[in-house]
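Remarks on the structure that follows.
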Amino acid sequence: MASIPVLPLLLVFLLPVHANAQRNQSNSNIILLGSSLSPNANRTSWLSPSGLFAFGFYPQDDGFAIGIWLVNQTEKTIIWTANRDDPPVSSNATLNLTIDGKLLLITEQGRELSIIDVDQEDRPATSAAMLDSGNFVLYRNDSYVIWDSFDFPTDTILGGQNLSSGNNLVSSRSISDHSSGHYSFNMQEDGNLVAYPVNSSANTLDAYWYSATDYGNVYASLILSRLGVLFVHLSEFPRFILANSSYPDKNGTTIYRATLDADGIFRLYLHHFKSDNSSSMLMEWSALSDQCDVKGFCGLNSYCSGMGSKADCNCYPGFDFINTSNKFLGCYHNFSEDDCRRSKDPAMLYNATSLANIVLRGNYPYSVEPMKKENCGQFCLEDCNCGAVSYTDSNCRKYKLPLRYGIINANESTPTFFKLKGIHSTQIPELFIGSKSLILILSVILGTVSCLCLVLAASSFFVYRQKLVRYRKLSENVNLGLAEEFTLRLFSYNELESATDGFKEELAKADIYSFGVVLLEIVCCRRSIEVNVSTTDEIILTDWVYNCFAAGELEKLVEDENVDFRKLERTVKVGLWCVQEDSALRPSIKNVILMLEGTIDIPVPPSPVLCIAVS
C-alpha cells in the first residue's frame, strides 16, 4: 500500500483552525458590536495586535474602498478588497458592526450593503477581529468562525492561507486600481494550477502558465506556508513545490504573500519588518520572467515586444490603436473591407507587407495550402476573409481577424504577411447603365423631388400663417408683459463667444450615448427598458443586445424580419461602442458616421459595463 504524505495533510487540517487559535492571543483587539469606521472619523481602520495588518477604508480613485492591507512605512500593500468591482464610496460612508451582528457598509445616500458573502440574518456575529495572520474574521458566541477573508481571496494569498480546488485568484486592474483585472489563476479540480486571460474560453490555447499537476479527479489546493514554501498539495501524490524561500527569519518579523499581479504574472514576495520599525520587500519567485509570455498582455490585432518587465504593445501593419492611452484594448483596421467584397479583383485593392519574427499564438489557420513563399502574400490579397498569412514548412497559412496573443520571437524566422490598403482601394467598380435609361431615371427622381418641395413649401406657408393669426389674437386679449423675455432671439457668433467665455466649456459625450441607445431601439423595435419580456436578461436593451452579439445570435434582435445581417452587425457594433459606460471609449460623431458608412472598420466592442481603462 502506498504511503500517504503526513506533512501536507497536517497543513491542510491545521489551516481551517488557524483563525480560532489566534483569537486567544488577540482578545485585546476584539471588535465589539456597535463599533464603526469612517474615512471622516478618527478611526478609519482596525489594526491587528502587531500593527502589521489593518482592515478598513483605503483611498481608491476619487473615493474609498474597504479592504485589508499590509502596513508599510512608505505605502499600503493591499491584499484583499471587499466588493472590489463596486464603485468607490464617498468620505461620508461608514462601516458598522451593528448591534444585531451584521457587518454593513452605509453609503452617503443611506444604502446598506453587505461586504461579506454569508447570510447575516441566520448567522449573526457577536464580535470580529483583525488577526496577525492577515485574516479578518467574524465570530459567534461559541468562538466559532462564521466568516473569514482567507476563504475569499481576491488576488493574494498570505502565509498560512490556501487556494482550494475550484477557486481562483483574479488580478487587479492596475497597481492603484484593485477592481477585477484581466487575468485569472485557477486551482482546477483536475489538480492543475493554470493561468488564463479572464475573457478567454479557458482552454489549452488560452493558458500561458500551468503547474502540470493534472493527475485527474484528486483533491488539490495551493498552499503558502508561513515559512515561505509555496506548493500544490495533492491528496494522493507528493506535494509539488513551486518556491521555497531560504530567507533567514532573524531580528524581526517575516511575512510572505503570493500575488497575481496586474500584469498577469504570479509572484511570491517577502516582507521583512525589523525591530527598528524599518521594513523591506523582496521578490522571492516569479512564475514567468517576461511580461510578453502572458497571453492577452496586448489586445486584439496587436503584438507584444520587449523582455522582462519592459514589454510594449504595437499594432500590426494596417491597424491603429483603439485608445492610445489604453493599449490593452487592442487595434482596429484603419480601412474598410467593404470594397473588397464588391470588387471582381480584390487583389488590386490591397498590398501585402511582411513582418518578421512574429508568432501568432492561439490562432488557428482556416486554410493551409502548399506553395512558394513569394506567392503567399498574394494568396491573402485574393481572399476578402484573410487578415494575415504566415509561411511555415512550405505551407501558406491564412488567418482571419481578429488576431490575438501575438508576440515577437527573435528565434522565429518565418515571415508573416498583412493586408494593407493599396493605391487602387478608393476605386469603386463602375456601373454601366444605358443613356436612355439613365435619363429616364434622373427625370423621375427630379420630378418627384420637385413635387415634394412644392408640397413642403405650401404646407410650411399655411402652418406659418395659422400660427401668426393665433398669436395676434392672443396678443389682443392677453397681457404679454413677459413676451420680450421669452421670445426666441437670433444670436451672432460674437455674442455666443462672449456669453460662453470663448467656448471654454467642452461638451460631454452624453449625446453619443443617447444616439447609441436610440440606434439600438430602432434596430430592435423596442424601448431601452422593457418589463414585458420572456427573460430577465432582456429587460435592459443594451445588456440584451451585447449578450446576443457576443453569442453570435443577432437574429434574435430582428426576429423573423428579412434583413441584411452584415449591415445589422455593423449597426449593432456602432451602437454598442456608443453606449460604453466609460465615456473615453465612446467614438466621436465623426467616427460614428464613418463606421455607419463603412468607411472605416469597426473593432469588436467590449461589454458596455466591464471595460475600464487600465492605469
Point to revise | Unsatisfied cross-links (Cα-Cα over 21 Å) in the set LYS372/LYS419; LYS310/LYS419; LYS327/LYS373 | key: LYS310/LYS419; LYS327/LYS373
Check your understanding: Long-range amide H contacts for THR213: which residues qualify at under 5 Å (H placed 1.01 Å from N, peptide plane, sequence gap of 5 or more or a different chain)?
Key -> LEU193
Review point. What nm distance separates the two modelled labels at THR536 and ALA458, each placed 7 Å from Cα along Cα→Cβ?
Key: 5.8
Check your understanding: Once amide H atoms are built 1.01 Å from N in the peptide plane, which residues 5 or more positions from TYR350, or in another chain, come under 5 Å H to H?
Key -> GLY422
Revision key, fill the gap. A correct Karplus calculation of ³J(HN,Hα) over the range 280-294, with 6.51 cos²θ - 1.76 cosθ + 1.60, θ = phi - 60°, whole Hz and x for Gly and Pro, returns 8, 10, 10, 8, 8, 7, 9, 5, 9, 9, 10, 5, 5, 6, 7
**Study point:** Under-5 Å amide H pairs with SER367, H placed in peptide plane, nonlocal only
**Key:** LYS398
Check your understanding: Scaled to the compact-protein estimate 2.2 N^0.38 Å, what is the alpha-carbon radius of gyration of the range 311-370, rounded to two decimal places?
Key -> 1.40
Exercise for review: Order these peptides, 82-91, 533-542, by their mean beta-carbon neighbour count within 10 angstrom, highest first.
Suggested key: 82-91, 533-542
Check your understanding: Taking the mean number of other Cβ atoms within 10 Å as a proxy for protection, how do you rank 443-452, 196-205 from highest to lowest?
Key -> 196-205, 443-452
Review point. When we measure straight from the Cα of LYS295, which aspartates and glutamates land under 19 angstrom away, once same-chain ones fewer than 8 places off are left out?
Key: ASP155, ASP206, ASP261, ASP263, ASP312, GLU412
Practice item. List ILE116, ILE68 from most exposed to least, where exposure is judged by having the fewest other Cβ atoms within 10 Å. Key: ILE116, ILE68
Check your understanding: So how strong a dipole does the range 326-398 carry about its Cα centre when Lys and Arg Cβ are +1 and Asp and Glu Cβ are -1, to the nearest 20 debye?
Key -> 220
Check your understanding: Where does the Debye-calculated log10 I(q)/I(0) of the range 302-421 sit at q = 0.17, 0.21 Å⁻¹, using only Cα point scatterers of equal weight, no solvent?
Key -> -0.85, -1.23
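Just so you know, all these numbers are worked out from the coordinates, no wet-lab data involved. On a predicted model such as this, the values are computed, not experimentally measured, just so you know. Every residue, glycine among them, receives a Cβ derived from its backbone with ideal geometry; neighbour counts consider all protein chains shown.
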